[in-house]
Amino acid sequence: MKPAELLRRHGLRPKKEWGQNFLGDEGVLTALAALARVGPGDAVVELGAGLGHFTRALAATGAQVIAVERDRELAPILRAELPGVEVVEADAKSFDLRAVARRLGKRVVLCGNLPYHLSSPILFHLLDQRDAVSRAVLLLQREVAERIAAPPGGRDYGLLSVLVQHVAEASIGLSVPRHAFTPPPEVESRALVLQMLEHPRAEVREEQRFRALVKAAFSQRRKTLWNALKNMPGAREALAAAAIDPQRRAETLSVEEFAAVERSFGDTIRNSP
């Protein structure tokens, strides 16, 4: 049943303030489920299951699906429409992926049509629990997805590009037009595919310092690295130790170079008198 019909049956309307745009295009849903590469024996956590259309496509693969939905008006619809799916009423931004992985004894595949205004906090939450996830297929605003998958050197490359690519292979798997949703959003969408790496792309000593370094470097994109990082104690020495020209700009550094600077911060602190 199409999203609009299902909403009418239950006397509901999309909550604009929650960013609810329901995906009902069967062709798109099937293609998204294929990107997850799951089947019998796999476990999928779907964030923001909504009316259950993507949930149904994922369940059709034979995988075990856990549907996470915070809207208490939608959870009963999911249970009624998909009795074989475990429905959990919870917030995607704080859902405990590690607890699910421990319970099932395996890493999960993470999927979701994410509210655009919540995509960044959900992505940071994923990064914090990445050891519980093997792969992710997330439907995002086009610009956000393209930034995350962007290579160094361009204007799209930024904070999330570095942090996500440090731990995952990121690629664009599918373009989804506005008219595939009910109601249609004001922006185009892309499916971001993340294949989590067995080990980070480069060693860092302290992840919080790595995040702080990358955030500071991109906080003033037009400035040189030195001007962006000069308020971080030991920045000049760390850049020199990592053989990074302080006149470069953040978007020119690879993930490996950012990691080298972070490690140099640790060496500078240990070697200081």
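The values are calculated or read from the model by the stated rules, or taken from the named source; none is laboratory data. The shown structure was predicted, so the numbers you read here are calculated from the model rather than taken from an experiment. No Cβ is skipped: glycine too gets one built from the backbone with ideal geometry, and neighbour counts run over all protein chains shown. For accessibility, only protein heavy atoms count, side chains too; no ligands or nucleic acids. Shrake-Rupley method; radii C 1.70, N 1.55, O 1.52, S 1.80 Å.
Here are the criteria: (1) over 30 Å from residue 36 (Cβ atoms); (2) surrounded by 15 or more Cβ atoms within 10 Å (Cβ to Cβ); (3) of a type in the set (Asp, Glu). Tell me which single one residue 245 does not satisfy. Looking at each condition in turn, residue 245 falls short on (2).
Can you find, within the range 111-149, the residue that is farthest from residue 172 (Cα to Cα) among those that are of a type in the set (D, E, K, R) and in contact with a helix residue (DSSP H, G or I) (Cβ under 8 Å, 6 or more places away or on another chain)? Full working, then the answer.
Initially, the range 111-149 is screened for residues of a type in the set (D, E, K, R), giving 128, 130-131, 135, 142-143, 146-147.
Adding the requirement that they be in contact with a helix residue (DSSP H, G or I) (Cβ under 8 Å, 6 or more places away or on another chain) leaves 131, 135, 147.
Numbers: 131: 22, 135: 13, 147: 10 Å.
My answer is 131.
Against the numbered list (1) surrounded by fewer than 19 Cβ atoms within 10 Å (Cβ to Cβ); (2) modelled with pLDDT of 95 or more; (3) at negative phi; (4) not small (Gly, Ala, Ser), residue 37 comes up short only at (3). Taking the numbered list (1) assigned to a loop (DSSP other than H, G, I, E, B); (2) over 21 Å from the mean Cα position of the chain (by Cα); (3) surrounded by 21 or more Cβ atoms within 10 Å (Cβ to Cβ) in turn, residue 264 passes all entries but (1). Among the residues making up the range 141-184, those that are in a loop (DSSP other than H, G, I, E, B), in contact (Cβ under 8 Å) with a residue 60 or more places away in the chain and over 29 Å from residue 5 (Cβ atoms) are 152, 153, 154, 155, 157, 158, 166.
For the condition open to solvent by less than 70 Å² (accessible area, probe 1.4 Å) and under 23 Å from residue 117 (Cα atoms), what is the one hit in 214, 204, 255?
214
Yes or no: the range 189-207 includes at least one residue that is in contact (Cβ under 8 Å) with a residue 40 or more places away in the chain, under 21 Å from residue 55 (Cα atoms) and polar (S, T, N, Q). Yes: the range 189-207 contains one or more residues that are in contact (Cβ under 8 Å) with a residue 40 or more places away in the chain, under 21 Å from residue 55 (Cα atoms) and polar (S, T, N, Q).
Take residue 7 and tell me if it is over 28 Å from residue 196 (Cβ atoms) and surrounded by 18 or more Cβ atoms within 10 Å (Cβ to Cβ). Considered against the rule, which asks whether it is over 28 Å from residue 196 (Cβ atoms) and surrounded by 18 or more Cβ atoms within 10 Å (Cβ to Cβ), residue 7 comes out as yes. When the range 68-87 is filtered for residues that are at pLDDT 95 or above and farther than 24 Å from residue 11 by Cβ, only 86 remains.
For every residue, the table says whether it meets (1) crowded, with 17+ Cβ neighbours inside 10 Å; (2) within 25 Å of residue 141 (Cα to Cα).
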residue: 2; (1), (2): no, yes
residue: 60; (1), (2): no, no
residue: 75; (1), (2): yes, yes
residue: 96; (1), (2): no, yes
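Identify, please: which residue in the range 131-141 is modelled with pLDDT of 95 or more and surrounded by fewer than 21 Cβ atoms within 10 Å (Cβ to Cβ) and is, among those, nearest to residue 49 (Cα to Cα)? Here the residue is 134.
Pairs are defined by a Cβ separation below 6 Å, a sequence spacing of at least 6 or placement on different chains, a first member in the range 226-248 that is at positive phi, and a second member that is at pLDDT below 95 and open to solvent by less than 20 Å² (accessible area, probe 1.4 Å); the pairs so defined are 234/265.
For the range 1-32, the tally of residues that are in contact with a helix residue (DSSP H, G or I) (Cβ under 8 Å, 6 or more places away or on another chain), assigned to a helix (DSSP H, G or I), among the hydrophobic types (A, V, I, L, M, F, W, C) and at pLDDT 85 or above stands at 3. Just one of the numbered conditions (1) in contact (Cβ under 8 Å) with a residue 60 or more places away in the chain; (2) open to solvent by less than 10 Å² (accessible area, probe 1.4 Å); (3) more than 25 Å from residue 164 (Cβ to Cβ) is not true of residue 108: (3).
Cβ separations smaller than 9 Å between residues 6+ apart or across chains give the following pairs from the range 112-134 residues that are assigned to a loop (DSSP other than H, G, I, E, B) to residues that are at pLDDT below 90: 114/19; 115/18; 115/19; 115/20; 115/21.
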